[in-house]
Amino acid sequence: MIQTSLVLVLIAHLGNVNGHGRLIEPPSRASAWRYGFDTPHNYNDHELFCGGFTRQWQANGGKCGVCGDAWDSKLPRAHEYGGTYGQGVIVRQYNVGSAINLRVELTASHMGYFTFSVCPDYKNASQECLDKHILKTLRPQDGLAMSDIRFYPRDGSRVYEMKYRLPKLSCSHCLLQWRYIAGNNWGACPNGTEQVGCGPQEEFRACADITIGKGFVEQPETTTIEPEVVVTSTALPPSSDESYSPLSAILISIVSFLVVFLIFFLLYFHYYRVGGKIKSWIKQRGENKTEESGAPMPPPRNRRSKSRSDSQSDLQEINLKY
């Protein structure tokens with residue numbers, strides 16, 4: 001029973017924690033303003049998660065806008081071309097087939113993996129177009145976990161930098177997409193088993209406008225421009241110094257279980273031990289009060305001894321009778 005309760009608490013903690021992240025190199029449409037570009041400010045640029053897990057998988061059947069907007073959002077979606085943040089401002093220029101540095105900031109990491117892709121049609125970019133031009137990783141990259149196309153963030157909340165190879169594709173205005181498929185939800189695996197990381201997962205996406213051509217000089221990275229005043233309707237994200245790991249979730253779950261167990265133990269002790277003594281004391285006190293409030297006891301009756309004169313009076317009364 002105790003083991004089952006611990007597992008349920010652990011799963012609840014894992015399932016309720018939300019990830020956050022943003023594409024910062026090249027700067028995404030939502031984050032370009034932080035790097036000196038004249039674009040609308042999106043202070044929630046770390047929350048392009050397809051409208052949230054429930055909305056994406058229950059309301060929209062797993063569908064998501066190519067740039068992280070909810071699938072059922074009004075067209076044009078906010079971060080797609082023609083939307084509030086889809087201004088088409090080119091932020092980087094690259095050479096065809098070149099190796100490029102990509103950077104992603106995770107403010108709440110939940111395992112999973114990144115992928116990057118390009119579509120030459122920035123106005124009508126679709127997921128089908130993007131999936132035809134998926135970028136490949138450059139290997140080896142010391143200390144980084146990756147496959148041919150996937151990068152696996154394993155160091156908690158931080159800025160991840162990785163190298164990818166652009167495809168043999170030339171376009172004056174391309175759309176680069178970042179996708180982050182988290183891995184912290186419990187679900188069914190393809191082999192029939194169930195575990196954390198399988199099944200539907202929370203997903204993040206972001207888009208950046210770039211050029212891929214020839215003869216471009218690599219541009220230096222710009223510094224981040226943070227706003228003086230940030231007004232949002234949601235809670236501020238945790239700092240980048242905070243990190244996530246399964247061990248912390250396990251420790252939190254164990255502490256929660258112990259606190260609940262202690263509460264029930266104290267309730268039991270109070271009711272069966274302390275409660276019984278209090279009841280006995282109250283009962284005894286009530287009996288004492290009843291005795292004290294009863295009818296008063298009569299005073300003791302002492303027999304009065306007769307004096308000599310009384311005895312003589314009695315004898316005279318007897319003599320008179322005779």
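With respect to (1) surrounded by 13 or more Cβ atoms within 10 Å (Cβ to Cβ); (2) closer than 30 Å to E80 by Cα; (3) modelled with pLDDT under 85, the lone exception for T234 is condition (1).
Restricted to the stretch 144-172, and to residues there that are under 20 Å from S98 (Cα atoms) and among the acidic types (D, E), the residue that is surrounded by the most Cβ atoms within 10 Å (Cβ to Cβ) is E161. Only one of the numbered conditions (1) at pLDDT below 95; (2) open to solvent by 40 Å² or more (accessible area, probe 1.4 Å); (3) in contact with a Gly (Cβ under 9 Å, 6 or more places away or on another chain) is violated by A12, and that is (3). The residue that is most open to solvent (accessible area, probe 1.4 Å), among those in the stretch 60-79 that are out of contact with any strand residue (DSSP E or B) (no Cβ under 8 Å at 6 or more places or on another chain) and more than 22 Å from K123 (Cα to Cα), is G61.
For beta carbons closer than 7 Å, sequence separation of 6+ or different chains, a first residue in the stretch 126-139 that is farther than 9 Å from F116 by Cα and in contact (Cβ under 8 Å) with a residue 24 or more places away in the chain and a second that is of a type in the set (A, V, I, L, M) and surrounded by fewer than 14 Cβ atoms within 10 Å (Cβ to Cβ), the qualifying pairs are L138/A99. Applying the selection to the stretch 78-101, what residues are among the β-branched types (V, I, T) and in contact with a Gly (Cβ under 8 Å, 6 or more places away or on another chain)? Within the stretch 78-101, V96 is the sole residue that qualifies. What single numbered condition from (1) modelled with pLDDT of 95 or more; (2) touching a Ser or Thr at 6+ places or on another chain (Cβ under 9 Å); (3) open to solvent by 10 Å² or more (accessible area, probe 1.4 Å) fails to hold for S98? Among (1) modelled with pLDDT of 95 or more; (2) touching a Ser or Thr at 6+ places or on another chain (Cβ under 9 Å); (3) open to solvent by 10 Å² or more (accessible area, probe 1.4 Å), the lone unmet condition for S98 is (2). The set of residues from the stretch 123-143 being in a strand (DSSP E or B) and either open to solvent by 40 Å² or more (accessible area, probe 1.4 Å) or out of contact with any strand residue (DSSP E or B) (no Cβ under 7 Å at 6 or more places or on another chain) (or both) comprises I134, K136. Scanning the stretch 105-122 for residues that are of a type in the set (G, A, S) and either open to solvent by 30 Å² or more (accessible area, probe 1.4 Å) or outside any loop (DSSP other than H, G, I, E, B) (or both), we see that the one that is modelled with the lowest pLDDT is A108.
The values are calculated or read from the model by the stated rules, or taken from the named source; none is laboratory data. Note that this is a predicted model, so its numbers are computed, not measured. Here the Cβ is made from the backbone with ideal geometry for all residues, glycine too, and neighbour counts use every protein chain on show. Side chains included, ligands, DNA and RNA excluded: accessible areas come from the protein's heavy atoms. Shrake-Rupley method; radii C 1.70, N 1.55, O 1.52, S 1.80 Å.
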